[in-house]
Structure formats: structure tokens, C-alpha cells
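Enquirer: Structure provided below as C-alpha cells; questions to follow.
The values are calculated or read from the model by the stated rules, or taken from the named source; none is laboratory data. Note that the structure is a prediction, hence the values are computed from the model and not measured. Cβ coordinates were reconstructed from backbone atoms using ideal geometry, including for glycine residues, and neighbour counts include every protein chain displayed. Side chains included, ligands, DNA and RNA excluded: accessible areas come from the protein's heavy atoms. Shrake-Rupley method; radii C 1.70, N 1.55, O 1.52, S 1.80 Å.
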Amino acid sequence: MTRLFFISLIIFAAGLGSTAQAQPGSIRDLPQAGKVALTPYGGTEFDIDGTFFGAASESLTGTFLGGALSTTVTFSADEQSFSDVYELPMVFGFGFNYGLSKTGELFGGFRYTRAEAKEFDALGVSANITFAGVAVRSGSGRITGEFDDYKAFGGEIGYRHFFLNTKSFTPFVSGALGFKKTQDINLDLSFNGASLLDDVKFYDDAFTGTAALGFGFRYNVSQGVTLGVETGLRFEGSLSEDDTDLTGGGSFENINDDGDRLSFPLLVRLNIAL
């Protein structure tokens, strides 16, 4: 779908280009002081660092026959990143640019991010049985998990500075601050394809701060229309834990005290002067 969006964006830009060339007086240079441009964009984000949830381990021990028979069951979870539990996200947005000069502009807008969940190894389970201090039985297995799809809506404002401003190719750097509101995320657990627990509450819907540093370039498709590519670094703060179903779980109660993310985006932007 990302590829189709990019192709559509380029075709749309080409169509606007042929129209703009037939209109004398259209704005050629973007940015231009005092002028506004609309900016639809789309792309994806690649994980660099961050913890979607942390590691935890708890053991349960039972004794029988006056302590001669002992059973210990251990549950453990490894730390997982965003890319461990989600497919590559899709990012779509719409914003505006306001030119301060030929080398600088303010920008702002809204963005929507969605990622499909993927199955992962959620819990390791091991059991050991001893009789009179002698191990008589042991075994282990894996419980798989799958989160709800990731959905977040947000906004940002920032500044973009251009270098080597020419009629065709213009590189830039940018910085932005913003927010996102992530939809609540629950977890399903299964073993060998059979459901164990559904809709375990994990993260609550909440607002989170974001910050981004970007760099890229713009190419003038025609008068008043540019097509740009942007990448950089993007940080998103920790999510809001929901311990409704994890309370009393020992270290598992703190497993969702994370959710921060560092990524580098790859975005294609279309800029249309008004």
C-alpha cells in the first residue's frame, strides 16, 4: 500500500505540474516569504531503539508429601522492541508550510500511524519436579502472544531550513515537536494455536510527547509544486501502562512501564503552493 501511495503522489504531482505550467504567475520557489503550501505525505518508520515492554520472571513452588515432592514452575518474558511485535508501520499525514524566506519555513500538521501486530514468543514456561531432592521430571514450552494493531494519531509543529536553494533541487534540515494519542493496546495469549487468555489489558490510550530531527531534499516538479523525500530521527515517549490485569503479578506488573521508541522515518511529501 505504501508503494501505491508513493506512485499516486508522483502521478498527482505530475498532473499538477502540467496545470501549473499553463498558469503564468504561479509561485516557482518554495518556500516563499508569506506564502502557504499544503503538504500531503506518506511513508514508514524503521526502528532503531526503544523498549515496547520489558523483561520479567516469576516462579511458583509447591510442596507435597511433607516436602518430599516439590514442583517449581517458572514464567519468563524477554524484552521486546516495537519491531519485535509489529510489522513495519504505515504513516500518513496532511499539513501546511508557511514560508519565512527562501531559506526557511514553519510547518505543522497531523499524522496517522498504523502497524499490524505479529505473533511473537511472549512467555517461556519451565517446570521441574523433584522427589527427595532428586530431579524426576522437567520440561519447557513457549506461550505466544499477539497485541492489538497499533494505531496512533498526532500532530507536530517545526522549522525547516534550506541550503543551496536552486530552481530544481534543494536539500534541507528540520526540527519538530509534537504529540501523539495512542489507542489502547491489549494482548492475546495462546499455546500451540489454542487460546489461553484474550484481551489482557496492557497499555491504556494516552497522549505522549514526540520530537524529530529531519533532513532531506525537495525537487521542483513545476511552478508551485515540489516533491520531497525526508528521513532523520524521531523519538516518541513511553506509553501509559494499564495494570488492571497485571496487578499482583510480581515483576510482570512492571513489564509495561515502557513503550518509548526511537526510529528513522522515510517520508515522501508533496508541496502545493496556494
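Enquirer: Label-point separation (nm) for Thr130 and Leu88, each offset 7 Å from Cα along Cα-to-Cβ?
Expert: For Thr130 paired with Leu88, the spin-label model returns 5.0 nm.
Enquirer: Another question, if that's okay. Pulled fully out, how much extra length does the chain show between Ser168 and Leu69, if you take 0.36 nm times their separation in residues and subtract their Cα-Cα distance?
Expert: 27.7 nm
Enquirer: Using the Cα centre of the chain as origin and beta-carbon charges of +1 (Lys, Arg) and -1 (Asp, Glu), tell me which of Thr210, Thr170, Ala122 is placed farthest towards the positive end of the dipole.
Expert: Thr170
Enquirer: Given a Förster radius of 45 Å and the C-beta distance between Phe217 and Thr144 as r, what FRET efficiency does 1/(1 + (r/R0)^6) yield to the nearest 0.05?
Expert: Step by step, r from the Cβ atoms, then E = 0.55.
Enquirer: With a 1.4 Å probe and all protein chains left in place, how much of the accessible area of the stretch 152-206 comes from carbon and sulfur atoms, in whole percent?
Expert: Result for the stretch 152-206: 64 percent of the exposed heavy-atom area is carbon or sulfur.
Enquirer: Which of Leu246, Thr113, Gly139 sits farthest toward the positive end of the charge dipole of the chain, with +1 on the Cβ of Lys and Arg and -1 on the Cβ of Asp and Glu?
Expert: The Cα lying farthest towards the positive end belongs to Thr113.
Enquirer: Treating the stretch 211-274 as a set of equal point scatterers at the Cα positions, no solvent, please give the Debye-formula log₁₀ I(q)/I(0) at q = 0.14, 0.17 Å⁻¹.
Expert: After summing over all Cα pairs, the log10 values are -0.61, -0.71.
Enquirer: Past 25 Å, Cα to Cα, is the threshold; run Lys118/Lys180; Lys118/Lys201; Lys118/Lys181; Lys35/Lys181 against it and keep the listed order.
Expert: Lys35/Lys181
Enquirer: Specify the residue with the greatest mean-square fluctuation among Ala122, Ala212, Ala68, computed from a Gaussian network of the chain linking alpha-carbon atoms under 10 Å apart.
Expert: Top of the fluctuation ranking is Ala68.
Enquirer: Nothing charged except the Cβ atoms of Lys and Arg (+1) and of Asp and Glu (-1): what's the magnitude of the dipole of the stretch 79-223 about its Cα centre? Round to the nearest 20 debye. Numbers along the way, then the final one.
Expert: Working: 13 positive and 17 negative charges, 181 e Å.
Once rounded to the nearest 20, the dipole reads 880 debye.
Enquirer: Next question. Want the number for Asp78 to Leu38: 0.36 nm per residue separation, take away the alpha-carbon distance, what's left?
Expert: On the way: separation 40, 0.36 × 40 = 14.40 nm, distance 4.42 nm.
Fully extending the segment from Asp78 to Leu38 adds 10.0 nm.
Enquirer: Along the charge dipole of the stretch 42-114, Cβ charges K/R +1 and D/E -1, which of Gly42, Pro89, Ala77 sits furthest on the positive end?
Expert: Toward the positive end, the furthest listed residue is Gly42.
Enquirer: Would you mind listing how long the stretch 82-130 runs along its three principal axes, going by Cα atoms, in whole Å with the largest first?
Expert: Computed over the stretch 82-130, the largest-to-smallest principal extents equal 77, 18, 12 Å.
Enquirer: Then there is this: Of all the Cα-Cα pairs you can form in the chain, what percent are over 36 Å apart?
Expert: 35
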